[in-house]
Amino acid sequence: MAKVYVVSSKSQSKFSAYKVNSDSQADLLIYEVSSASQARGDEKWYYVNSASQADSKIYWVNSASQADIKVKFVRSSSQAKWRKSHKLRGRIG
């Protein structure tokens, strides 16, 4: 499951992420789900309110060059997927 908690510093995170605007720029296409039970794999994220509930702690960066991963949020769960091979594949959720 990808239960995600957003932290305020990179040193607290498992990885840093940057939001992109197009599918072609993204490493991972993410669908945000409405409950923890729906969070599956790396592609379906559920935001939790405490670090102790999280599978991954992420830090959002302001530049693609600073990011460990580039993500794009999609509107349908069927669109959520890895777009390319990546070192974080299987390690987010």
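When a 1.4 Å probe is rolled over the protein heavy atoms, the share of accessible surface on segment 44-93 that falls to carbon and sulfur comes to 36 percent. The dipole here belongs to segment 24-93: it is taken about the Cα centre, uses +1 on the Cβ of Lys and Arg and -1 on the Cβ of Asp and Glu, and is about 240 debye.
The values are calculated or read from the model by the stated rules, or taken from the named source; none is laboratory data. Source: prediction; values computed, not measured. All Cβ positions, glycine included, derive from the backbone under ideal geometry; neighbour counts span all protein chains shown. Protein only, heavy atoms only, side chains kept; ligands, DNA and RNA dropped before computing areas. Shrake-Rupley method; radii C 1.70, N 1.55, O 1.52, S 1.80 Å.
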